[in-house]
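The values are calculated or read from the model by the stated rules, or taken from the named source; none is laboratory data. Here the structure is a predicted model, which means the values were calculated and not measured. Cβ: placed from backbone, ideal geometry, glycine included. Neighbour counts: every protein chain shown. To get the accessible areas, we keep the full protein, side chains included, count just its heavy atoms, and leave off ligands, DNA and RNA. Shrake-Rupley method; radii C 1.70, N 1.55, O 1.52, S 1.80 Å.
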Amino acid sequence: MWEYTNKVQQHFMQPKNVGEVGNPSGTGDVGSLACGDALKLTIKVDENDLIVDAKFKTFGCASAIASSSVLTELIKGMSVDEAAKITNEDIAEALGGLPKEKMHCSVMGREALEAAIADYRGVILPMAQGEVVCECFGVTDLEVVRAIRESGLRSVEEITHFTKAGGGCGKCEDRLREILQKTVEGLAEKSAPVQEKRMTTLQKIKKIEQVLEREIRPTLKKDGGDIELVDVDGDFVTVSLRGACAGCHSSRTTLKEYVEKKLREQVVDSLIVEEGK
Amino acid sequence: MDCGSDKVIYMDNNATTRIAPEVLEAMMPFLEDCYGNPSSMHTFGGQVGKAVEQARGRIAELIGAEPEEIVFTSCGTESDSTAILSALQSQPEQRHIVTTRVEHPAVKNLCETLDLLTGHKHKVTRLMVEADGTLDMMKYQEALTEDTAIVSVMWANNETGVLFPVEAMAAMAKERGILFHTDAVQAVGKIPLNMRENQIDFLSLSGHKLHAPKGIGVLYVRKGSPFVPFLHGGHQEHGRRGGTENVASIVGLGRACQLAGEMMKEENTRVRALRDKLEKGLMASIPKSILNGHSEDRLPNTSNISFEYVEGEAILLHMNQHGICASSGSACTSGSLEPSHVLRAMGVAFTAAHGSIRFSLSIYNTEEEVDFVLDKMPKIIADLREMSPFWEG
């Protein structure tokens, strides 16, 4: 039912480096029987910090076994520093690609490698300090953020494909959406083109308030009306029309042809103004 | 296109079955020369109509029904939806449904979207099962209320083959005036059943589970039971299910039911013996293997075994290398990230649920095939266990 590449099939049928390294320099143990995926990676590192041997034991499907096998091939001969840079995308690429529903298998490989290296260096994993977001699969917020950043994820469904979070009971979906929004916004700000000089939300609010105070409110007050800023979310500006404006059948026109127009001229031209409580 | 069906050992009959050669033969004229519309006035169509009625009679005979009680649908899923939605519509004040935790997604997922479909709030009681997959009759009785519109319980479970006492359950429901539906898709053709000997109102069956083509099903509707159509349209099926009849497949299904009646004994003797040999052999030669589902009250052809500490997809792919076709209840093969809801409802441990394999035989399987599978499986499991971090050897 899955379309597996030849490489995946090869690594599954004839996996490389099955077993456990004797007296390992580092061990990475991730996953569980409950999850349906588990990987135990053992590495041998020499005095020059080179990984001279790596072996794996995996409980899991073809993608899990193939990911583990190709991972051990990748890291053998690398320095620990080099190996630490390997991402799940590298693992998937080395296999010629994985079905999107199986990307979490490559993520598991990376996690085992990280754990093994941390064990070798005697440090606590930064990932271990995250807060569990998905209880069914024990996925932390830090893991989700990392997957979003490294694999350019743009939907909750993709997060599930890469980390399994949200794939069980589904209770964490809202939280995942939240994390996704925050992370993607954070990334957009960093990569926005310099000429546009993007405003932060705080700057935007301040500017909107200024225009309201300076121009819009005095004008509406002249006709017995008023306006209040309720919320700003991205380009969505929620306002509340007051006084005479509140019941007026021209209020929509006022909103769109005056308020929105003015704010687009003076703050940023992509604003959308709507009424709300 | 050649799929090499002569080269595989097909043990996945609960997923789908091959079309029997006799069935294909019966269908061919209706795919070639006899293409008339059964509802037409002219003889050219009318003779096709006769063939449809003959098929209807054959299907009725297999399940001990009257021909008028047979409604053709496109599949088991449509039959399930039709029955349940009909019950809700014919008794709009009743908003409670009793079903089980191990139903096929056609019933299970329908029950989860009822509120959206009808615009009313519904209550669904999902009966739990014991570790061996059986139901608690006391709990079932307690679940029936005045608000219950319908009970929907499958006759035979598709994953484990476990049989539910639906006839007794229907009697209990009818005592309280409650409609009873059973998804008998896996049962019809494998075990004898007689609708004259029970009080079930609605029964679903599916062609492609009994050597008829895919895309044809039947909903049995007991004479006198209230019925509201699902597919509205033309006057086909006496106004109970609109849409021009899938003539060739109906004729095929009729022939398949005839065959099933003739082969019923063999299914329950020779095929049962093959299943038993396979099951006993696997459990004996492979350590840490667990049978999922009650050993006695089961379909004669199904065997669901868990091999601890290894994962289902990996097992199936190795079996596939040898041309052996079966299914698994593991998370990786389920399409979602969770293992089979049936096994979980039975409380099967995670060590086992991910490593479950379902073998489902048919009259076309041979002893040689069973011996071949018995020969290959131990090494497949042993090799995967070598690779597993949980296997201590």
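Of the cross-linked pairs A:K171/A:K262; B:K174/B:K277; A:K100/A:K182, those separated by over 32 Å at the C-alpha level are A:K171/A:K262; B:K174/B:K277.
Looking only at other chains, what is the average number of their beta-carbon atoms within 10 angstrom of each beta-carbon in A:32-42? Show your work: numbers first, answer last.
Numbers: counts 2, 13, 7, 4, 14, 5, 5, 1, 3, 1, 0.
What the average comes to for A:32-42 is 5.
Using a Förster radius of 60 Å, what is the FRET efficiency between A:V123 and B:T16 based on their Cβ-Cβ separation? Nearest 0.05, please. Working from the Cβ atoms, E equals 0.65. Solvent-free Debye calculation, one equal scatterer per alpha-carbon of the protein assembly as shown: log10 I(q)/I(0) at 0.05, 0.07 Å⁻¹ equals -0.35, -0.64.
Given a Förster radius of 60 Å and the C-beta distance between A:R264 and A:E3 as r, what FRET efficiency does 1/(1 + (r/R0)^6) yield to the nearest 0.05?
On the way: r = 48 Å, r/R0 = 0.80.
Taking R0 as 60 Å, the efficiency between A:R264 and A:E3 is 0.80.
Note on B:E61 and B:T269: their simple-model spin labels are 2.1 nm apart, each label 7 Å out from Cα toward Cβ. Can you give the FRET efficiency for A:D46 and B:D371, using 1/(1 + (r/R0)^6), R0 = 45 Å, r = Cβ-Cβ distance, to the nearest 0.05? After rounding to 0.05, the efficiency reads 0.30.
Annotation for region B:300-349: GluC sites (Glu not before Pro) lying in DSSP loop with at most 13 further Cβ atoms inside 10 Å of their Cβ do not exist.
Based on DSSP H segments of at least four residues, each scored -39500 (n - 2.57), chain B has a per-residue ellipticity at 222 nm of -11500 deg cm²/dmol. Hey, what angle do you get for helix A:173-191 against the long axis of chain A, alpha-carbon based, 0 to 90 degrees rounded to 10? Value to nearest ten degrees: 80.
Give the angle, between 0 and 90 degrees and rounded to the nearest 10, that separates the Cα long axis of helix B:76-90 from the longest principal axis of the Cα atoms of chain B. Relative to chain B, helix B:76-90 is tipped by roughly 50 degrees. The mean accessible area for residues of region A:62-127, using a 1.4 Å probe and ignoring ligands and nucleic acids, is 35 Å² per residue. Label point of B:N37 set 7 angstrom out along Cα-Cβ; within region B:219-244, amide nitrogens under 17 Å from it belong to B:232-244. By the beta carbon rule, with partners counted only under 4.7 Å, chain B holds these lone Cys residues: B:C3, B:C34, B:C75, B:C111, B:C257, B:C325.
Region A:22-124: which GluC sites (Glu not before Pro) are DSSP loop and have at most 10 other beta-carbon atoms within 10 angstrom? Mind dumping the intermediate values first?
Numbers: sites: A:E47, A:E73, A:E82, A:E89, A:E93, A:E101, A:E111, A:E114; in loops: A:E47.
Passing sites in region A:22-124 are A:E47.
Each listed q (0.11, 0.13 Å⁻¹) maps to a log10 I(q)/I(0) for region A:5-155, found by the Debye formula over equal Cα scatterers with no solvent: -0.38, -0.54.
Taking each residue as 0.36 nm, the span from A:E89 to A:D233 lengthens on full extension beyond its C-alpha to C-alpha distance by 48.5 nm.
Sorting B:63-73, A:54-64 by average packing, meaning the other beta carbons within 10 Å per residue, from highest down gives A:54-64, B:63-73. Seen from A:M78, the other residues with C-beta closer than 13 Å to its C-beta sum to a net charge of -4, counting Lys and Arg as +1 and Asp and Glu as -1. Translational diffusion of region B:170-230 was estimated from the Stokes-Einstein equation, with Rh taken as the Kirkwood radius over Cα pairs; at 37 °C and 0.692 mPa s the coefficient is 260 µm²/s. The label point for B:T118 and the one for A:E257, both projected 7 Å from the Cα toward the Cβ, are 5.1 nm apart.
Take the accessible area of B alone and of A alone, subtract that of the pair with a 1.4 Å probe, and the total buried over both chains is about 2100 Å². Between 0 and 90 degrees, the angle of helix A:201-211 with respect to the longest Cα principal axis of chain A falls at about 10 degrees.
Helix-only estimate, please: 222 nm mean residue ellipticity of chain A, summing -39500 (n - 2.57) across DSSP H runs of length 4 or more and dividing by its residues, to the nearest 500. Please list the in-between numbers first.
Details: 12 runs with 118 residues, N = 277.
Estimated from H runs of four or more residues: -12500 deg cm²/dmol.
Per the Debye formula on identical point scatterers at the alpha carbon atoms of region A:65-142, with no solvent, log10 I(q)/I(0) at q = 0.13, 0.16 Å⁻¹ is -0.43, -0.64. Counting only protein heavy atoms and using a 1.4 Å probe, the accessible area of B:S336 comes to about 60 Å².
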